[in-house]
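Some notes on the structure that comes next.
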Amino acid sequence: MKQLRRIFILIIGAVLTFNSPVIADDKGNIKEDNPHVRRWNGFANNLLKLHHRLIKENAVTKKTSTGGYAGQPNFYKEEAFYSKSTGKIISRVQWEKELPEQMHTIEVYFYDKKGRIARDYSAAYLPTYRNAPSQTLINIHAYNNNTQAFRSFDASGAHVLDRCEGKYKGKDVNILLDEDDLYNELDGVRLTPEYKACVKGLPESVGVYLVPQ
């Protein structure tokens, strides 16, 4: 589920970012100035602040690695922080190696009393285009009987994804609805009993979680 979610958010985020309008400053330089850019950068900055608070408040173990992309194999340094008491990941931050103070991606995780992921947040910038994050996600999770589901919102509050796996009445469930599916009134998946069972308890809007907490 995690790998699928990462692929999806990179695609959807890139589309949103490259469709942002641009303006020229008094020197003729092109720059972006719109609520989307400010909102998504603010979300990423708030996530970084939350990360710093969580690793200060908890006893953690840090694991460091490096990674990159085709043509940029050593683009970032990754720092992952795990709770010493539970062993579960608290946050993961990637920093550009050539600009060590410049964040590339960030993920922050929260768990319920049973140790299951309750919600997680992420923001990521493209390697060569940094006016705003290319993707932002707020994922809220639900566990109903033998299914596990999450509902995704972006930092603008838009509902962008529903995902569910597991079993419903003995049958395998594998549901993935993207934005086109969610806003298509003719989509029949949302009318099925397995979908309704999967998403039970998930909020219709992001609500207070639009501010990372």
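The values are calculated or read from the model by the stated rules, or taken from the named source; none is laboratory data. Since the model is a prediction, treat every value here as computed from it, not as a measurement. Positions of Cβ are backbone-derived with ideal geometry, glycine not excepted, and every protein chain shown enters the neighbour counts. Accessible surface areas use protein heavy atoms only, side chains included; no ligands, DNA or RNA. Shrake-Rupley method; radii C 1.70, N 1.55, O 1.52, S 1.80 Å.
Checked against (1) open to solvent by 20 Å² or more (accessible area, probe 1.4 Å); (2) more than 22 Å from L50 (Cα to Cα); (3) of a type outside the set (A, V, I, L, M, F, W, C), T147 passes all but condition (1). For V108, indicate whether it is surrounded by 22 or more Cβ atoms within 10 Å (Cβ to Cβ), in contact with a helix residue (DSSP H, G or I) (Cβ under 9 Å, 6 or more places away or on another chain) and more than 20 Å from K196 (Cα to Cα). For V108, the condition - surrounded by 22 or more Cβ atoms within 10 Å (Cβ to Cβ), in contact with a helix residue (DSSP H, G or I) (Cβ under 9 Å, 6 or more places away or on another chain) and more than 20 Å from K196 (Cα to Cα) - is met. Among residues of segment 58-71 that are over 26 Å from T128 (Cα atoms), those with a Cβ under 7 angstrom from a residue that is open to solvent by 80 Å² or more (accessible area, probe 1.4 Å) and not hydrophobic (A, V, I, L, M, F, W, C), sequence gap 6+ or separate chain, pair up as A59/K84; A59/S85; V60/K84; T61/K84.
Counting only residues that are open to solvent by less than 30 Å² (accessible area, probe 1.4 Å) and free of Cβ contacts under 8 Å to residues at least 24 places away in the same chain, segment 80-91 holds 2 of them. On the basis of being assigned to a helix (DSSP H, G or I) and over 30 Å from V37 (Cβ atoms), does C198 make the cut? Yes, satisfied.
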